[in-house]
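Have a look at the structure below, then the notes.
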Amino acid sequence: MNRNAFTLIELLVVIAIVAILISIITPAMRAAKKQARTVICSSNQAQLALKLSMYDNDNSSFPYGFNDQNTAIPPGGGVGNIVDDRLGWWWFHYIQDTTDKKSDLWCPSRKFSDLSIKANILCGNYGINRSVCKDSSGLVGNLGNEFVGKSLSMGHIRQPSQVLLLTDSGYSQVSWRAATNAVSPHFNNPRREINFYIPGMEINKSRPLTAGSFTEAITGRHPKRTVNVIFVDGHLERIKADELTVSITSGVYKNLSLWKP
């Protein structure tokens, strides 16, 4: 006798097989998407590195990390908010405007549950090294003038292939103080101390963080708690976040030359 339908047992077997296949495929698809976002992030930073290099070639120095002395309206308009952020020109204003949220200034892997932070281009994208791209003036604080003055050029740096220029960051500026295990002030804007970190660093577990940035600060932004790093000479490396740590033991700094030329 011919049958035109599945029996109940056959249907249950098919359903079980489909469920098993989904359980196998879903994690693989999730991992593939995460890897794809990491690749896009690498491409974004490579484009920014090219633009920064072109600026250096044209101006004999990299742009300011932040400039509050320029009274003109920056390309694309001001960014940040008046309560938490300094208002002025940021490093990216010198190389492109900020009107397109699909531009290479936005990291596709950033993880923020706080919508107010998520909408702020200064938070959770890419941070410029303040020891290379300095501020035009300083804030009142305990950091002195370490990050204030004229920005450096590639020609000023003896080993440009070994000095960090740009990396995944909780804020648009970053420095060795965000990577140190020392008990010292990290950032001279207390309102943004909670965003001054490198995603995935072990030392972030002891930092003051908002709930909105806790996930990426602790677990990282990319697979295996890695970060994309652009060096002054323009080449990109993907490395473990903890490899950027500046450890201090008995007054001896380890890894500081990676940050300070």
Exactly one condition in (1) over 19 Å from LEU166 (Cα atoms); (2) modelled with pLDDT of 90 or more is not met by PHE62; state its number.
(1)
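Can you give me the number of residues within the stretch 158-180 that are surrounded by fewer than 15 Cβ atoms within 10 Å (Cβ to Cβ) and either polar (S, T, N, Q) or in contact with a helix residue (DSSP H, G or I) (Cβ under 6 Å, 6 or more places away or on another chain) (or both)?
Within the stretch 158-180, the subset surrounded by fewer than 15 Cβ atoms within 10 Å (Cβ to Cβ) is 158-159, 161-162.
Add one more test, that the residue is either polar (S, T, N, Q) or in contact with a helix residue (DSSP H, G or I) (Cβ under 6 Å, 6 or more places away or on another chain) (or both), and what stays is 159, 161-162.
Result for the stretch 158-180: 3.
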What number of residues in the stretch 231-241 are among the charged types (D, E, K, R) and either over 14 Å from the mean Cα position of the chain (by Cα) or assigned to a loop (DSSP other than H, G, I, E, B) (or both)?
1
The residue from SER137, SER131 that alone is more than 18 Å from LYS51 (Cα to Cα) and modelled with pLDDT of 95 or more is SER131
Residue in the stretch 125-134 that is among the hydroxyl-bearing types (Ser, Thr, Tyr), farther than 19 Å from GLY65 by Cα and in contact with a Ser or Thr (Cβ under 7 Å, 6 or more places away or on another chain) present:
no
Filter the stretch 130-152 for residues that are assigned to a loop (DSSP other than H, G, I, E, B) and touching a strand residue (DSSP E or B) at 6+ places or on another chain (Cβ under 7 Å); which is surrounded by the most Cβ atoms within 10 Å (Cβ to Cβ)?
VAL132
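Say whether the condition of being part of a helix (DSSP H, G or I), surrounded by 20 or more Cβ atoms within 10 Å (Cβ to Cβ) and among the acidic types (Asp, Glu) is met by at least one residue in the stretch 194-211. I'd like the intermediate steps shown before the answer.
Our first condition is that a residue be part of a helix (DSSP H, G or I); within the stretch 194-211, this holds for 194-195, 202-206, 211.
In the following step, the residues that additionally are surrounded by 20 or more Cβ atoms within 10 Å (Cβ to Cβ) were identified as 194-195, 204.
The next check asks that each one be among the acidic types (Asp, Glu); those that pass are none.
No - not one qualifying residue is present in the stretch 194-211.
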Which of the numbered conditions does GLY155 fail, given that it passes all the others? Conditions: (1) without any contact (Cβ under 8 Å) to a residue 60 or more places away in the chain; (2) over 27 Å from LYS224 (Cβ atoms).
(1)
Of everything in the stretch 183-193, what is in contact (Cβ under 8 Å) with a residue 60 or more places away in the chain and either surrounded by 15 or more Cβ atoms within 10 Å (Cβ to Cβ) or on the phi > 0 side of the Ramachandran plot (or both)? Give them in sequence order.
ASN189, ARG192
Select from the stretch 185-203 the residues that are closer than 26 Å to ILE82 by Cα and of a type outside the set (D, E, K, R) and list them in ascending order.
PRO185, HIS186, PHE187, ASN188, ASN189, PRO190, ILE194, ASN195, PHE196, TYR197, ILE198, PRO199
Contacts under 8 angstrom Cβ, first residue in the stretch 102-121 being aromatic (Phe, Trp, Tyr) and assigned to a loop (DSSP other than H, G, I, E, B), partner surrounded by fewer than 17 Cβ atoms within 10 Å (Cβ to Cβ) and at pLDDT below 85, 6 or more apart:
PHE112/LYS118
Residue among GLY127, GLY155 that is buried (at least 20 other Cβ atoms within 10 Å of the Cβ) and not in a loop (DSSP other than H, G, I, E, B):
GLY127
Could you please find all residues in the stretch 70-93 being under 19 Å from the mean Cα position of the chain (by Cα), touching a residue at least 60 places away in the same chain (Cβ under 8 Å) and part of a loop (DSSP other than H, G, I, E, B)?
ASP84, ASP85, ARG86
Which residue is modelled with the highest pLDDT, if the candidates are limited to the stretch 73-128 and must be under 30 Å from SER257 (Cα atoms) and among the basic types (Lys, Arg)?
ARG86
Between ASN129, ASN120, ASN67, which is over 19 Å from the mean Cα position of the chain (by Cα) and on the phi < 0 side of the Ramachandran plot?
ASN67
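The values are calculated or read from the model by the stated rules, or taken from the named source; none is laboratory data. Given the structure is predicted, the values throughout are model-derived calculations rather than measurements. Glycine also receives a Cβ, built like all others from the backbone with ideal geometry; neighbour counts cover every protein chain displayed.
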